[in-house]
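The values are calculated or read from the model by the stated rules, or taken from the named source; none is laboratory data. Here the structure is a predicted model, which is why all the values come from computation and not from measurement. Every residue, glycine as well, gets a Cβ built from its backbone with ideal geometry; the counts of neighbours run over all protein chains shown. Accessible surface areas use protein heavy atoms only, side chains included; no ligands, DNA or RNA. Shrake-Rupley method; radii C 1.70, N 1.55, O 1.52, S 1.80 Å.
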Amino acid sequence: MPSARLQTMFKELNRIVEVDEKRAKIARAPGRANIIGEHTDYNEGYVLPCTVDRDIVIVAQPCNYEVILHSINLNTTIKFPLRNIRFDPQDRWGTYPKGVAHYLLQAGYEIDGLIGVIHGTIPARAGLGSSAALEIATALIFQLLYDIEISPVEMALLCFKAENEFGGVSCGIMDQFASALGRRDSLLFLDCRTLSHEAVEIPSSKLRVVLLNTMVERSAEAVLNKRKLECQKAVQIIKKFRPETKSLRDLSTDDFEQLKNKLPATLGKRCQHVVYENERVIEMVKALKRDRFDTIGELMHTSHASCRDLYEVSCRELDTMVEIAETIDGVVGCRMTGAGLGGCAVCLVWDRAVEELAKRASESYKEKTGINPEIYVSKIPPGAGEFVDWNENSGEIF
Ligand code: GLA
């Protein structure tokens, strides 16, 4: 028996086209929370995200020449022929599926059109990787319908291109990679230069990932494009003294300390964040492997402070949320997650403290900011895949 969510999706699809149950497929791609390693991915550094149990699901069947996708959440439809795909700012969310189709064709994959419906449970503009999940779900539905051979890494790279080159957002590879390759109950330690990756297990029977949504919506695009340019400028200056520097990833903390006086103040701060944040990711992996929970908390705390003071991508609401969470016994660590300036804080919390955190964070945050936050307690599900188990549904909202 399909879940209520899937039943609704099939019903919606039936309104657009006669459903061919033998040929229809279901693709699911999760959102992500980044535990540490913020704004390091586009500097070819390290990140440590995990999947969250909020996702984007597409139910679709093949059709000829064109793509028709209806968003149930937004009640809008995108329709485009597979020939001469062009960027159009009017497409809004449709930019992402369009970009994915464009690069699949450009890479020579033999795909034809599709008609389908999309439903998502990832809050948009909350820093949880909703656009990457939409891209990965789109690539996956093409793969399922046309049996194309594409590895999860290739899929992540292609979707990254769709967002960067087609959509014009200077993001890194983290979100697409986490959605496509995330592993159940694990954090994904990824080297964004070599793409080598390792699943780092967390004691999932006792430790929860809790997301505290400040409900401050932000445009990731503006932050990312600006910060990426600043990092590139810093690299240009550093190259004069160290010509072998290709990205901020190439600097150790000692290198940075020697070079910092050569940089204008703002670029120095951006650089300092990236260099030390990379080191924190490596320290975090070690601490997780050794169950050093105090160190984990300290690293998350320092990372947040660095995002706030050096990279300047936090905001009053995020700082307030993190401060509240950190006072609660049983919260291992808390920090902003994603591009910043709003969206969510992520916490690692002992099971016994989840209820207290949810209660206190809601009350104190409302009292201090006047805003009602949303709180999601999340499991760490596997990365994207075909939705085959009718009962293993996530993010019921109907
Ligand atoms: C956004 C981008 C990611 C990453 C983060 C900041 O989520 O999509 O690639 O740059 O911001 O760490």
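Some observations on this one:
- Three-way shape label, region 153-286, alpha-carbon gyration tensor, a/c 1.5: prolate
- Distance histogram for region 5-85 (every C-alpha pair counted, 5 angstrom bins, percent rounded to whole numbers): 3, 11, 17, 18, 14, 10, 11, 10, 5, 1
- Surface exposure of the chain, expressed per residue as accessible area with a 1.4 Å probe, stands at 43 Å².
- For the chain, the longest principal axis of the alpha carbon atoms and the long axis of helix 220-241 meet at an angle near 50°.
- The magnitude of the dipole of region 231-370, with charges of +1 and -1 set on the Cβ of Lys/Arg and Asp/Glu and taken from the Cα centre, is near 760 debye.
- Prolate/oblate/rounded label for region 115-206 (Cα gyration tensor, a/c 1.5): rounded
- The charge dipole of the chain, taken about its Cα centre with unit charges on the Cβ atoms of Lys, Arg (+1), Asp and Glu (-1) only, comes to about 780 debye.
- The fraction of accessible area contributed by carbon and sulfur in the chain is 46 percent, rounded to a whole number (1.4 Å probe; ligands and nucleic acids excluded).
- The C-alpha atoms of the chain define a longest principal axis, and helix 152-161 lies at about 80 degrees to it.
- Contact order normalised by residue count of the chain, Cα under 8 Å, 6+ apart, percent: 24 percent
- Other residues lying with their Cβ under 9 Å from the Cβ of G99 contribute a combined charge of -1, Lys and Arg counting +1, Asp and Glu -1.
- Charge tally for K289 (other residues, Cβ to Cβ under 12 Å; Lys, Arg +1; Asp, Glu -1): -1.
- Cα gyration tensor shape for region 57-119, rounded if a/c is under 1.5, else prolate or oblate: oblate
- For the chain, with +1 on Lys and Arg beta carbons and -1 on Asp and Glu, the positive-most of P123, G268, G333 along the dipole: G268
- Of K25/K161; K161/K226; K161/K286; K289/K359, those spanning more than 28 Å from alpha-carbon to alpha-carbon: K161/K286; K289/K359
- Degrees, to the nearest 10: 4-16 long Cα axis against longest axis of the chain: 50 degrees
- Unpaired by the 4.7 Å Cβ criterion, cysteines found in the chain: C50, C63, C159, C171, C192, C231, C271, C307, C315, C344
- Under the convention that each Lys and Arg Cβ holds +1 and each Asp and Glu Cβ holds -1, the size of the dipole of region 1-101 around its Cα centre is about 360 debye.
- DSSP beta bridges confined to the chain are antiparallel in about 90 percent of cases.
- Relative intensity of the chain on a log10 scale, I(q)/I(0) at q = 0.09 Å⁻¹, equals -0.52, per a Debye sum over C-alpha point scatterers of equal strength in the absence of solvent.
- Cut-off of 10 Å, at most 14 other beta carbons, DSSP loop: longest stretch of the chain lacking such GluC sites (Glu not before Pro): 245-391
- Qualifying lysines (Cα of each under 18 Å from Cα of K233; at least 8 residues distant if same chain): K246, K260, K262, K269
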